[in-house]
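A.B. asks: I have a structure here, written as structure tokens, and I will follow up with some questions on it.
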Amino acid sequence: ALFAIGNIMLKYKRGRIPRAVRATWTTCFASLAAVLVALAGNIVLKPGNLIYFLAYFAAVAAVMVLMFERARLIRYALFLLSQGPPILREQFAGPAQRYLDKVRNNTVVFFAKNDNLEVLNKAATYVQTNELAKWLKVVYIYRDLDDPMCELIADNLRVIDRCHPNIAIDFVLVQGSFSPEVVAQVSNRLGVPRNFMFICCPGDNFPHDLADFGGVRLITH
């Protein structure tokens, strides 16, 4: 069911992504309906299985919440420690704060295609809202040293930097052409894993296979 829902969301939110196989809307909804009917049939035949399903689902959901909300949970814990006995604060506040700093001391990279202010702001907003990172490096890959886009992007990033005081924004220029090889080189040079790198959603004429980029993510249309 989640796979069918994921396909539906992908078609709606990322319809421009080039891919070898395209499922129709009818196929996606028919698959989702078939899975839901099968689940309902299993529940009717063996109602006791629903308890096991809910138990496994709750366990997986709890792990996911801990992973994605761990920074917020640590901040709550630090607040509770600050209100609690001094002996607990002295023993646990320091390690908790160091772990929080380690979690948030990540760097993410966004490959800018042009100086579109809306897209650049969306990228910064996404990082601030969804990523446990406080450092955003915007990379622009240019061919010619006289490319006017370099200065235009820099000007827009100065504006965005003032709008997002909670994250540090750097601008990195790389000469070449956008390709999996260049992305890998940037990853090695900056020390940022490729699954912490983002690009805009490519169009139908994108010359590369997204799988060749080694986990680079899409965050904007």
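This table checks each residue for (1) among the polar types (S, T, N, Q); (2) outside any loop (DSSP other than H, G, I, E, B); (3) surrounded by 17 or more Cβ atoms within 10 Å (Cβ to Cβ); (4) touching a residue at least 12 places away in the same chain (Cβ under 8 Å).
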site	(1), (2), (3), (4)
Val108	no, yes, yes, yes
Asn114	yes, no, no, yes
Leu120	no, yes, yes, yes
Ala124	no, yes, yes, yes
Val139	no, yes, yes, yes
Asp144	no, no, no, no
Leu157	no, yes, yes, yes
Asn166	yes, no, no, yes
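A.B. asks: I'd like to check something: does segment 15-26 contain any residue that is surrounded by fewer than 13 Cβ atoms within 10 Å (Cβ to Cβ), hydrophobic (A, V, I, L, M, F, W, C) and assigned to a helix (DSSP H, G or I)?
C.D. replies: Within segment 15-26, one or more residues are surrounded by fewer than 13 Cβ atoms within 10 Å (Cβ to Cβ), hydrophobic (A, V, I, L, M, F, W, C) and assigned to a helix (DSSP H, G or I).
A.B. asks: Here is a further query. Considering each residue of segment 150-164, count those that are aliphatic (A, V, I, L, M) and either more than 12 Å from Asp115 (Cβ to Cβ) or touching a Phe, Trp or Tyr at 6+ places or on another chain (Cβ under 7 Å) (or both), and give that number. Break it down into steps so the answer makes sense when it comes.
C.D. replies: First, pick out the residues of segment 150-164 that are aliphatic (A, V, I, L, M): 152-154, 157, 159-160.
The next check asks that each one be either more than 12 Å from Asp115 (Cβ to Cβ) or touching a Phe, Trp or Tyr at 6+ places or on another chain (Cβ under 7 Å) (or both); those that pass are 153-154, 157.
Total satisfying the criteria: 3.
A.B. asks: Quick check: is even one residue across segment 52-64 loosely packed, with under 15 Cβ neighbours inside 10 Å, under 29 Å from Leu190 (Cα atoms) and of a type in the set (A, V, I, L, M)?
C.D. replies: yes
A.B. asks: Something else about it: Could you check, for segment 83-104, whether at least one of its residues is touching a residue at least 40 places away in the same chain (Cβ under 8 Å) and assigned to a helix (DSSP H, G or I)?
C.D. replies: No, the conditions are met nowhere in segment 83-104.
A.B. asks: Oh, and also: Show the residue pairs that are 6+ apart or on different chains and have beta-carbon atoms under 6 Å apart, the first residue being within segment 201-221 and among the aliphatic types (A, V, I, L, M), the second being assigned to a loop (DSSP other than H, G, I, E, B).
C.D. replies: These pairs meet every condition: Leu218/Cys201.
A.B. asks: Conditions: (1) in a loop (DSSP other than H, G, I, E, B); (2) at pLDDT below 90; (3) out of contact with any helix residue (DSSP H, G or I) (no Cβ under 8 Å at 6 or more places or on another chain). Phe178 meets all but one. Number of the miss?
C.D. replies: It is condition (2) that Phe178 fails.
A.B. asks: For segment 1-55, give me each residue that is within 19 Å of Asp204 (Cα to Cα), in contact (Cβ under 8 Å) with a residue 24 or more places away in the chain and hydrophobic (A, V, I, L, M, F, W, C).
C.D. replies: Listed by number, the residues that qualify are Ile8, Ile17.
The values are calculated or read from the model by the stated rules, or taken from the named source; none is laboratory data. Since the structure is predicted, the reported quantities are computational estimates derived from the model, not experimental observations. Every residue, glycine as well, gets a Cβ built from its backbone with ideal geometry; the counts of neighbours run over all protein chains shown.
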